[in-house]
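Values in this text are rule-based calculations from the coordinates and carry no lab data. As the structure is a prediction and not an experimental result, all values here were calculated from the model. As a convention, Cβ positions derive from the backbone with ideal geometry for all residues, glycine included, and neighbour counts pool all protein chains shown.
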Amino acid sequence: MIAGAGLGGLATALRLAKKGHKVTIVEKNQTAGGRLNVITKDGFTFDSGPSFFAMSYEFKEFAADCGIELPFEYTELDPLYTVNFLRNGKTYKLYKDLKKLSAQFADTEPDFEQKMKAYLKKGGELFHDTIAPVVKSNHDSKFAYIKKLAQVPFRHLPTLPRNFWTQVAKYFKTQDAREIISLVSFFLGRTPFDTPAVYTLLSYTEFIHDGYFNVKGGMYGIVKGILRELELAGVSIKYNVEIVDFEADCNRLTALIDKNGTRHSADAIVVNADAAVFRGKILKRPKFTEKKLDKLKWTMGPLTIYLGVSSKLTNIDHHNYFLGSNYREYAQKVFTDPSKLEKPYYCHVNLQMTLHCPTDECRSVETFHRPIGHGNVRRDLT
Ligand SMILES: Cc1cc2nc3c(=O)[nH]c(=O)nc-3n(C[C@H](O)[C@H](O)[C@H](O)COP(=O)(O)OP(=O)(O)OC[C@H]3O[C@@H](n4cnc5c(N)ncnc54)[C@H](O)[C@@H]3O)c2cc1C
């Protein structure tokens, strides 16, 4: 049995079913997808969570492991995204072609192409040297994590204590280049000033190793595709089942209890709900009480506005970032006191061209994201 029909739960269910297990999923909501979901209003359909994905080879590996064709179609995004600066009115398109990318810096940073190649070479080394021992490994304790880190080649030692920003600043001179290249750290829900430099491997995954991809018909196509495969594999999903308690036999989870008191038992149970909340509220582990969770440093979430526009918008790409002039101040205050920030530094407009609109003459569907602090920070969002 799997608790949680998010992408992780659905993928795990299909892998297990294909290995011959009888699988049931229990989900508290009335639909599958979790954070990868859709909102429908007045004929417009919005992707409510992810708007693109990276590391497409993970999906290919998943399909191959399950012995299926990938159950959705996707297209590559190039440029990856567009960055607009308020302070100088400049717009940069992040092309994967380094010559096209560098041409935009011809006046301000003429040796941009060489610098970018050197920066990406280092990012590539970090990626290939950490992906197997660290990123794709389980770490059951801090000690286990440190042991895995010790397998990372010695040559990366000087990079490890740096943050994303200092690593980028080592290669690039202008503020525009530094901000554009370090922007990807916001995708992690952090800022360049508190993200470890090892994450500059993301620049390599963006530009060289793979890129970003959009799903034809909208991101929810991933969920719909996997649901079709689950049905064929005989997996059943019980919706509106919220787990609130559990039963265990000598440290082995034997059953989950839902909010109506129904007991769901299984030989093996996989939980794919929010790990910290589930461990605290449902499994009642002392390390995860609400008080202790409140003290942890959380990544940030966005304030999102979904907007259906009744005309076609032109001159706007699929992912557009509008950056202000308060980079450091924003990064410092967004976690501690976002209400003191007069302006957002960063606003992300995502034009969803692939989703359904009310008429065939497709109107524009957009989402505006503005990163805000996490739930622990009191803030006035007016
Ligand atoms: C606004 C936003 C934008 C994002 N953009 C991107 C992007 O562009 N690209 C990208 O790759 N990723 C993006 N992400 C991240 C991505 O959406 C998530 O990493 C991914 O969807 C998580 O899947 P999951 O299965 O691990 O968890 P979830 O989707 O959270 O699934 C957990 C499931 O468990 C269920 N559940 C929880 N508690 C219980 C309970 N007690 N009983 C029963 N069921 C329970 C939930 O209802 C949910 O369905 C974005 C996320 C958000 C929120």
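Suppose each label sits 7 Å from its Cα in the direction of the beta carbon; what would the residue 103-residue 121 distance come out to in nanometres?
Placing both labels 7 Å beyond Cα along the Cβ direction yields 2.5 nm.
Can you pull a Stokes-Einstein diffusion coefficient for the chain at 20 °C (1.002 mPa s), Rh from Kirkwood over Cα pairs, as a whole number of µm²/s?
Values: Rh = 23.1 Å.
Translational diffusion coefficient: 93 µm²/s.
Show me, for the stretch 202-214, the HN-Hα J-couplings you get by feeding each phi into the Karplus relation (A = 6.51, B = -1.76, C = 1.60, θ = phi - 60°), rounded to Hz, glycine and proline as x.
Ordered by residue, 3J(HN,Hα) equals 5, 4, 5, 5, 5, 8, 10, 5, 8, x, 10, 9, 10 Hz.
Determine, for 97, 245, the number of other Cβ atoms within 10 Å of each Cβ, and report the residues in order from fewest to most.
Details: 97 11, 245 15.
Going from sparsest to densest Cβ surroundings: 97, 245.
In terms of modelled amide H atoms, which long-range or inter-chain residues lie less than 5 Å from the amide H of residue 285?
280
Give, rounded to the nearest 20 debye, the magnitude of the charge dipole that the stretch 97-210 has about its Cα centre when Lys and Arg contribute +1 at Cβ and Asp and Glu contribute -1 at Cβ.
Computed charge dipole of the stretch 97-210: roughly 460 debye.
Could you tally the net charge around residue 2, taking each other residue with its Cβ under 11 Å from the Cβ of residue 2, Lys/Arg +1 and Asp/Glu -1?
+1
Under a 5 Å amide H to amide H cut-off, with H placed in plane at 1.01 Å, what residues pair with residue 55 once short-range neighbours are removed?
211
How big is the dipole moment of the chain about its Cα centre under a simple scheme where the beta carbon of each Lys and Arg is +1, that of each Asp and Glu is -1, and everything else is neutral? Debye, nearest 20, please.
1320
Over the stretch 97-210, what relative contact order in percent results from Cα pairs under 8 Å that are six or more residues apart?
Contact order relative to length: 32 percent.
Within the stretch 257-288, whose backbone N sits under 13 Å from a point 7 Å along Cα→Cβ of residue 242?
258-261, 282
Can you tell which of 164, 141, 186 lies farthest toward the positive end of the dipole of the stretch 97-210, using +1 and -1 charges on the Cβ of basic and acidic side chains (Lys, Arg; Asp, Glu)?
Result: 141, furthest along the dipole toward the positive end.
Residue by residue through the stretch 64-70, which ³J(HN,Hα) values in whole Hz follow from phi under the Karplus form 6.51 cos²θ - 1.76 cosθ + 1.60 (θ = phi - 60°), with glycine and proline marked x?
Rounded to whole hertz, the list is 5, 4, 8, x, 10, 6, 4.
From the square roots a ≥ b ≥ c of the eigenvalues of the alpha-carbon gyration tensor of the stretch 1-133, which class results: rounded (a/c under 1.5), prolate (a/b over b/c), or oblate?
Cα axes put the stretch 1-133 in the oblate bin.
Using a Cα-Cα cut-off of under 30 Å, which lysines could be cross-linked to residue 100, ignoring same-chain neighbours fewer than 8 residues away?
Cross-link targets: 60, 90, 115, 117, 121, 122, 170, 173, 216, 312.
Computed FRET efficiency, Cβ-Cβ of residue 132 and residue 175, R0 41 Å: what is it to the nearest 0.05?
Numbers: r = 36 Å, r/R0 = 0.87.
Calculated value: 0.70.
Once the other residues with Cβ under 14 Å from the Cβ of residue 261 are scored (Lys, Arg +1; Asp, Glu -1), what is the net sum?
With Lys, Arg at +1 and Asp, Glu at -1, the neighbours total -2.
I'd like to know which of 322, 220, 293 lies farthest towards the positive end of the charge dipole of the chain, counting +1 on Cβ of Lys and Arg and -1 on Cβ of Asp and Glu.
Going by the Cα projections, it comes out as 293.
Could you work out the local net charge near residue 211, counting Lys and Arg as +1, Asp and Glu as -1, over the other residues with Cβ closer than 9 Å to its Cβ?
Surrounding charge for residue 211 is -3.
In deg cm²/dmol, rounded to 500, what helix-only [θ] at 222 nm does the chain give when every DSSP H run of at least 4 residues adds -39500 (n - 2.57) and the total is split over its residues?
Rounded to the nearest 500, the figure is -8000 deg cm²/dmol.
Tell me, what HN-Hα J-couplings in whole Hz come from the Karplus equation 6.51 cos²θ - 1.76 cosθ + 1.60 at θ = phi - 60° for each residue of the stretch 292-309, using x for Gly and Pro?
Couplings: 5, 5, 4, 7, 6, 8, 9, 6, 8, x, x, 8, 10, 10, 9, 10, x, 10 Hz.
State the antiparallel share, in %, of DSSP beta bridges confined to the chain, rounding to the nearest 5.
The antiparallel fraction comes to roughly 75 percent.
Treating only the Cα positions of the stretch 97-210 as identical point scatterers, give the base-10 log of I(q)/I(0) from the Debye formula at each q in 0.11, 0.22, 0.24 Å⁻¹.
With no solvent term, the Cα-only Debye profile gives -0.37, -1.29, -1.46.
Of 243, 68, 222, which has the largest mean-square fluctuation in a 10 Å C-alpha GNM of the chain?
Maximum fluctuation in the GNM of the chain, among the listed residues, is at 68.
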